[in-house]
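The values are calculated or read from the model by the stated rules, or taken from the named source; none is laboratory data. Please read all numbers here as calculations on a predicted model, not as lab measurements. Heads up, the Cβs are rebuilt from the backbone with ideal geometry, glycines too, and the neighbour counts pull from every protein chain shown.
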Amino acid sequence: MTAKQALTRLETVLTDIGDAGVAVSGGVDSMTLAFVAHRLSPDHARMLHAVSPAVPEDATERVRGYASQHGWALEILDAGEFDDPAYMANPHDRCFHCKTNLYDSIAERVRGQIVSGANVDDLGDYRPGLRAAADHDVRHPFVEAGMTKADVRAVAAHLELDDLAELPASPCLSSRVQTGIAIDPSVLGAIYRVEKRLRAEIDAKTVRCRIRSDAVVIELDDQTLEALSPDRRIALGQQVGDLVRSSGLEQVVTFEPYRMGSAFVRPQA
């Protein structure tokens, strides 16, 4: 479908929903959803953004910036997942515990329907967060409108939100930590600093700092990785080591091609 058709479908779903509390992470999906919901009916859309050591600072800055520029009704909250031992243990269903805390917190603050930025593509992945959404009767307007990630980006471009349309995926910082390794706020801070430094140093399309039991793995898109000379890798590895050492990490630093979700260990069937 065209971007205009997708937008029309989305607006029909949102009109049916009425009063909505939009869970806004700062990524392209939830930001586009929040923009359209506010554009359609400012008095019936309220945005809620959770901050924690797992949320990149630039995501929060993006949410605050859009709220200020476009007049969103925005509430910044602490969902409390870092007080939840089940989340901090970093099990395979960590996202379930994160989203449970998030939706519990949002439900305390809004009377309307909670909505998320999940799209059709998300339904094919292992997404324990969707189970938490189902437990809280959360609706997914993009899914109801039959929209994929590509459709969401197309709608953002159609609305001239080019910064969102081209925004790279950036899951929460806890997703960089290998399943089973406990979540540590200081380590998440180091991950953020490493990725920010590397983006500035080498202008990579994709950067992930993965924490594994035996290594700190820097994953880069193929083009960037292939362009790095051996000496450059050594120098960057030393910089990364210096940045993570302050959080207690002493593992060797290695470089690998980017693989989506490579820190996740899928549960045994």
Checked the range 171-203 for anything under 19 Å from residue 240 (Cα atoms) and among the hydroxyl-bearing types (Ser, Thr, Tyr); matches are 174, 175, 186, 192
What are the residue pairs meeting all of these: first residue in the range 154-168, first residue assigned to a loop (DSSP other than H, G, I, E, B), second residue modelled with pLDDT of 95 or more, Cβ atoms under 6 Å, and 6 or more apart or on different chains?
-> 167/28
Any residue at all in the range 198-218 that is touching a His at 6+ places or on another chain (Cβ under 6 Å) and either touching a residue at least 24 places away in the same chain (Cβ under 8 Å) or not in a loop (DSSP other than H, G, I, E, B) (or both)?
-> no
What residue, of 191, 211, 202, is surrounded by 15 or more Cβ atoms within 10 Å (Cβ to Cβ) and modelled with pLDDT under 90?
-> 202
Of all residues in the range 51-88, how many are touching a Pro at 6+ places or on another chain (Cβ under 8 Å) and in contact (Cβ under 8 Å) with a residue 60 or more places away in the chain?
-> 2
Please list, ordered by first then second residue, the pairs with beta carbon atoms under 7 Å, 6 or more apart or interchain, first in the range 18-41 and crowded, with 24+ Cβ neighbours inside 10 Å, second among the aromatic types (Phe, Trp, Tyr) and in a helix (DSSP H, G or I).
-> 29/142; 31/66; 33/142
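Yes/no per residue for (1) part of a helix (DSSP H, G or I); (2) over 22 Å from residue 78 (Cβ atoms):
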residue	(1), (2)
6	yes, yes
22	no, no
25	no, no
31	yes, no
38	yes, yes
43	yes, yes
Do we have any residue at all in the range 246-262 that's closer than 21 Å to residue 126 by Cβ, under 22 Å from the mean Cα position of the chain (by Cα) and modelled with pLDDT of 90 or more?
-> yes
Elements of type helices (runs of 4 or more DSSP H) contained in the range 48-150, each with 1 or more residues being of a type in the set (Asp, Glu) | 57-70, 94-107, 128-135, 141-144
Residue check: is residue 225 surrounded by fewer than 22 Cβ atoms within 10 Å (Cβ to Cβ), over 30 Å from residue 100 (Cβ atoms) and over 16 Å from the mean Cα position of the chain (by Cα)?
-> yes
Filter the range 54-79 for residues that are surrounded by fewer than 16 Cβ atoms within 10 Å (Cβ to Cβ) and out of contact with any strand residue (DSSP E or B) (no Cβ under 9 Å at 6 or more places or on another chain); which is farthest from residue 28 (Cα to Cα)?
-> 71
Scan 155, 138, 177, 115 and give me the residue that is buried (at least 16 other Cβ atoms within 10 Å of the Cβ), outside the structural domain of residue 35 (by TED's automatic domain parsing) and touching a helix residue (DSSP H, G or I) at 6+ places or on another chain (Cβ under 9 Å).
-> 177
Out of (1) under 22 Å from residue 148 (Cβ atoms); (2) surrounded by 20 or more Cβ atoms within 10 Å (Cβ to Cβ), the one residue 123 does not meet is (2)
Within the set of pairs 6 or more residues apart or between chains, which connect a residue that is within 25 Å of residue 154 (Cα to Cα) and in the same structural domain as residue 104 (by TED's automatic domain parsing) inside the range 119-133 to a residue that is surrounded by fewer than 20 Cβ atoms within 10 Å (Cβ to Cβ) and not small (Gly, Ala, Ser) with Cβ atoms less than 6 Å apart?
-> 119/148; 119/149; 120/143; 120/148; 121/148; 121/149
Considering residues that are touching a residue at least 60 places away in the same chain (Cβ under 8 Å) and under 18 Å from residue 248 (Cβ atoms), the number found within the range 169-197 is 16
Looking at residue 166, is it more than 20 Å from residue 210 (Cβ to Cβ) and modelled with pLDDT under 95?
-> yes
